[in-house]
């Protein structure tokens with residue numbers, strides 16, 4: 001077991017691309033979400049990007065493995081229009097990472113098929129308003145860089 005543990009990668013990365021949407025509000029106090037879906041309603045106040053290149057299900061297998069490792073640390077960099085917003089969170093052995101469309105970063109420890117990481121130190125409402133203004137533009141492209149260690 002110790003030898004198997006030593007062979008595991010200590011960090012893994014994946015990159016998700018997405019677009020802005022006129023309905024981005026970025027007001028949710030406990031979550032941040034990106035989705036492969038093309039639409040957004042007023043209820044989606046945690047969604048910061050649509051048309052994402054993948055949902056949880058499409059993540060690189062090494063990232064999924066890292067996210068499911070007890071004690072893993074997750075750094076998520078949300079970038080758009082020259083602005084970057086960093087969220088620190090953690091993985092959890094209970095993560096399913098099976099949703100084909102959505103990725104949700106949570107402050108809480110709640111886990112569902114949509115959950116990317118838990119215990120986040122920031123949420124959608126913490127994103128600087130200048131960056132939110134950029135994310136409201138459908139022409140804005142952004143990235144969600146996920147790094148697990």
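No value in this document is a laboratory result; all are computed from the given coordinates. Owing to the predicted nature of the structure, the values given are computational and were not obtained by experimental measurement. Backbone-built Cβ (ideal geometry, glycine too); neighbour counts: all protein chains shown.
Of note:
- Calculation over all alpha carbon pairs of the chain in 5 angstrom steps from 0 returns a P(r) of 2, 11, 21, 25, 19, 12, 6, 2, 2, 1, 0 percent.
- Packing rank of 36-43, 114-121, 66-73, 52-59, where each peptide gets the mean count of other beta carbons within 10 Å, highest leading: 114-121, 52-59, 66-73, 36-43
- Taking the DSSP beta bridges with both ends in the chain, the antiparallel portion is around 90 percent.
- Evaluated over segment 44-91, the Cα radius of gyration and Dmax, each in Å: 12.5, 34
- The mean sequence separation of alpha-carbon pairs under 8 Å and at least six residues apart, normalised by the residue count of segment 26-149, gives a relative contact order of 32 percent.
- In this simple spin-label approximation, residue 96 and residue 73 carry label points 7 Å from Cα along the Cα→Cβ vector, and these lie 3.0 nm apart.
- Once both labels are positioned 7 Å from their Cα atoms along Cα-to-Cβ, the gap between residue 53 and residue 109 label points is 3.4 nm.
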